[in-house]
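Down below is the structure, laid out as structure tokens.
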Amino acid sequence: MAQPPKPLQDAAPEESVLCELPDWLIPTGRLAMQDHAPTTTYQPPSAGPAAPQATALPPAQRMVDRGVIARGGFGAIHKVFDKALLRTVAMKTLESAKGPTPQSMARFVEEAQITGQLDHPNIVPVHELGVEETGKQFFTMKLVAGETLTAIYKRAPEDSAGFGAHLNRVVEILLRVCDALAFAHSRGVVHRDLKPDNIMVGRFGQVYVMDWGIAQLMVGKRTAGHTVDPVHLARDAGSMDAPGTVVGTFAYMAPEQAYGHNDKIDARTDVFGLGAILYQALTGTPPYRGKTPLEKVMNAQAARITPPQQAVPGRQLPSALCQIALRAMRAAPQDRYQSISEFKEELERFRGGYWFATRIFPPGETVVREGDGADAAYIIVDGTCDVFRVEAGRKVSLRTLGPGDVFGETAIFANRPRTATVVALTPLTVMVVTRESLEEQLAQQSWMGAFVRTLAARFQDQDQQAVTLRATAADAAVVHAALQFVAFHGQGVGNTRVAPWPPLLAQLQVQFGKAEEELAAALAQDSTLTLDRSSNSVVLTSFRPEKP
């Protein structure tokens, strides 16, 4: 006999539930309701008594109960010592103040069967499923010594550098969660109740996805990467929850869950849950806010989510990570990442610093221009480009860049204008690294940012000095050639020597390839040479004729 419904206001907003909503809120009809077990917390094991010689003992004699470590709506978790195997384990038992129902008993057994078949390093292993002499069902599993992701969130530092390190740790944890979920999806299983309380982090960095009590099979649905070895249950595959039954946790559930559309739940529902967990890492709160469960479930149905940066305006958040969370939590499943693997790839791109937009420049198009302000740097993905600057009115090629090369970063770090122009030689594909993205990365390690900015400024100073030296050397070469011409072709006039300008100009243009004004400017750098425009001649003023 199914358990009778209870009012919505009795449901805790951040507990997993099967709940009833008003008719006007659910297009598909009324919802069945009953409690689901709340989040469990595991404690480290302690040494147990020595094992007896006999090993074939009934559970009551073999398991030494060390006490309840967590209790929920229809289940409790005990810390027990297995005298046969000499180890401490967690034992989950089916308990309820109103007594177990056929549905709760079936769900309890299926939780053990599903979890037991998901043999993965990031899913807590189930050891045994059985019945005590009293008829009470139980299953045992590994006792995880560690803490929940919720506990880690509560210790998030306030300073920017510490918070950046915290986010990096969360990303590493979520990557392991992705591994577990991708495996479960390949076996045809959706978790349906992803939240920080259901992720355990062990003392030595182990990550476990816990509490598969409301997991649902995806037989006949989207199972990207589905294997030939799906999870099996004794009953027909699919959901035991009738259409219109809301299953999950209000604060984190996808719209299809909030509407009770259980036939539409697939891997993308778990993608939403991961986005909600990431959202809480960024903002400190779940994506749905509300004073009552009804308000939260209505927000969940509409996917009414405040963007992370708006939720915490006083904190600078990584825009790329915010975009990942928001895309994962889009209302329509087809608009989210289509698999856990896609979500994981984006997290890895963020971790590696490669979450950047791309642009394509056709041959001949200018990417950056010398003297312009700097708002982005570029990483070349494909193609080549020419880097050059204009010195004394003449184009000076500096280098040709190709895939993997970076340009434009120095001007951003030093907060100065561009020192060179970059033009695409072939179709050029680049990743655009905005100033904001660079500053976000540097803010996570403020000492590194100080080093980079100082080095960039020094590099630009040295580069400018090199430009000046090159210009000085070029001018000196022009002056030297002019002096030679005047010495050999000029005529002595008192203490000066005068040579005609037109033939000297023609020789200098052939030798240096510069315009007349550039050459005249170079000659002006030498105090002994004077270009007399009125007589169209060059005068060497320091010339002294030999004595007779």
Item to check | Residue selected from the stretch 383-395 under the condition over 12 Å from Leu425 (Cβ atoms) and touching a residue at least 12 places away in the same chain (Cβ under 8 Å), by the criterion surrounded by the fewest Cβ atoms within 10 Å (Cβ to Cβ) | outcome: Gly393
Item to check | the stretch 77-116 - residue that is more than 15 Å from Pro59 (Cβ to Cβ) and of a type in the set (A, V, I, L, M) and, of those, modelled with the lowest pLDDT | outcome: Ala97
Checklist entry - Does the stretch 517-539 hold any residues that are surrounded by 12 or more Cβ atoms within 10 Å (Cβ to Cβ) and free of Cβ contacts under 8 Å to residues at least 12 places away in the same chain, and which are they? => result Ala520, Ala524, Thr530
Next on the checklist: Considering only residues that are touching a strand residue (DSSP E or B) at 6+ places or on another chain (Cβ under 6 Å), more than 29 Å from Asp229 (Cβ to Cβ) and of a type outside the set (Ser, Thr, Tyr), which ones fall in the stretch 78-125?
Outcome noted: His78, Lys79, Val80, Phe81, Glu95, Pro100
Item to check | Which listed residue, of Ala161, Ala184, is surrounded by fewer than 21 Cβ atoms within 10 Å (Cβ to Cβ) and among the small types (Gly, Ala, Ser) | outcome: Ala161
Checklist entry - Restricting attention to the stretch 280-296, which residues are hydrophobic (A, V, I, L, M, F, W, C) and at pLDDT 90 or above? => result Ala281, Leu282
Next on the checklist: Restricting to the stretch 478-533, name every residue that is among the basic types (Lys, Arg) and assigned to a strand (DSSP E or B).
Outcome noted: Arg497
Checklist entry - So which residues in the stretch 121-139 are of a type outside the set (Asp, Glu), part of a loop (DSSP other than H, G, I, E, B), in contact with a helix residue (DSSP H, G or I) (Cβ under 9 Å, 6 or more places away or on another chain) and at pLDDT below 90? => result Thr134
Checklist entry - In the stretch 306-330, how many are assigned to a loop (DSSP other than H, G, I, E, B), of a type in the set (A, V, I, L, M, F, W, C) and at pLDDT below 95? => result 2
Item to check | Some residue of the stretch 199-212 being modelled with pLDDT under 95, in a helix (DSSP H, G or I) and either outside the structural domain of Ile277 (by TED's automatic domain parsing) or touching a helix residue (DSSP H, G or I) at 6+ places or on another chain (Cβ under 9 Å) (or both) | outcome: no
Checklist entry - In the list Pro125, Pro100, Pro121, which residue meets the criterion of being in contact with a Lys or Arg (Cβ under 7 Å, 6 or more places away or on another chain) and not assigned by TED's automatic domain parsing to the domain that holds Gln216? => result Pro125
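The values are calculated or read from the model by the stated rules, or taken from the named source; none is laboratory data. Being a predicted model, the structure only gives us computed values, none of them experimental. Glycine gets a Cβ as well: all are built from the backbone with ideal geometry, and neighbour counts include every protein chain shown.
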